[in-house]
1. Tally Lys and Arg at +1 and Asp and Glu at -1 over the other residues with C-beta under 12 Å from the C-beta of Thr216: what net charge comes out?
2. Which of the helices in the chain meet the span-like rule: DSSP H, Cα axial reach of 15 Å or more, Kyte-Doolittle mean at least 0.0?
3. Restricting everything to alpha-carbon atoms, can you work out Rg to Rh for region 144-247 with a Kirkwood hydrodynamic radius?
4. Roughly how many nanometres apart are two label points built 7 Å out from the Cα toward the Cβ at Leu3 and Ala113?
5. So for region 137-247, averaging the separation of alpha carbon pairs under 8 Å that are six or more residues apart and normalising by length, what relative contact order in percent results?
6. Under 5 Å between amide H atoms, partner at least 5 residues away or on a different chain: which partners does Leu190 have, H built in plane at 1.01 Å?
7. Would you calculate a helix-derived [θ] at 222 nm for the chain, using -39,500 (n - 2.57) for each DSSP H run of n ≥ 4 and dividing by the full residue count, to the nearest 500?
8. Tell me, how many Å apart are the Cα centres for region 34-89 and for region 192-247?
Amino acid sequence: MSLSDLLEEVRARPLPRHVALIMDGNGRWAKARGLPRTEGHRQGALAAERLIRFVGNEKLFPYLTLFAFSTENWNRPREEVEFLFRLLERFIREKLRELSEAGVRLSVLGDMATIPRSLKRSLSEAIEATKGNDTLHLTVALNFGGRWAVLEAARRAVARAQAGELSPEALTEGAFRALLPTAELPDPDLIIRTGGHMRLSNFFLWEAAYAELYFTPTLWPDFDEEALLLALREFQGRTRNFGRVIT
Ligand code: FPP
């Protein structure tokens, strides 16, 4: 089936609102070609760019979140960590104008305390420059962890309680949700993980309660437009009953 036929088929049925991606397999992609891991990340960034452009141009869904760096990724060799930060900074600086013209709005999600200053600066500038766009809300999860996010909300709740602004009864599920760092985002409808592992690896936890999970052995640098459309088609074939009985 051609890409345009697949696109037409996917467009004919309800699409998710928020798709989140765990981009795994850059290292293995590079290793299979006898290249350094950093080359895998470079190709990974190109794959991310291709996908952002596709989703934005085709207006497939309004929220896309990319898991770019987890709280556990600090355990990688220092040179690899520094390379990833540089890659991201270059991506933000070089591609921003084009993505902004395509209506992309950038947000970042994660603990910014330990992110290098120059990357933080380019992120803030990009966030400011794109805040009026509304075709595609692109969130880059950076130094993000699902447990960190839940803990952040718990800390905020304790602080409010100590200030006398929150009682235990008032801390409902909805009130807690509003304290999460992801409060601005709708829950993901679909979480895609490339690279063959079937786990969430401390990505969205609270938010993933009713997400459809899609795992593919495709390594991230090979995840293209067709691969995304196949994931969307699989999503459309699933029954989402959110715990209810559907008759
Ligand atoms: C996992 O592959 C990938 C990462 C830790 C980094 C993801 C970052 C990018 C794709 C580039 C920057 C992103 C943007 C938004 C431009 P891995 O190294 O764990 O692969 P492996 O499991 O094969 O070793």
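1. Values: positive: Arg193; negative: Asp24, Asp222, Asp224, Glu226, Glu234.
Taking every other residue near Thr216 into account, the sum is -4.
2. Working: long enough: 37-58 (31 Å, -0.73); 78-101 (35 Å, -0.65); 117-129 (18 Å, -0.51); 146-162 (24 Å, -0.19); 225-236 (16 Å, 0.26).
Result, helices passing both filters: 225-236.
3. On the way: Rg = 17.3 Å, Rh = 16.0 Å.
Here the Rg-to-Rh quotient is 1.08.
4. Between Leu3 and Ala113, the label points sit 4.3 nm apart.
5. Relative contact order of region 137-247: 25 percent.
6. So Leu190 has HN proximity to His18, Ala20, Glu212.
7. Details: 8 runs with 109 residues, N = 247.
Value at 222 nm, helices only: -14000 deg cm²/dmol.
8. 18 Å
We did not get these values from a lab; they are worked out from the coordinates using the rules stated. The structure displayed is predicted, hence computed values, not measured ones. Note that we place each Cβ from the backbone using ideal geometry, even for glycine, and neighbour counts take in every protein chain shown.
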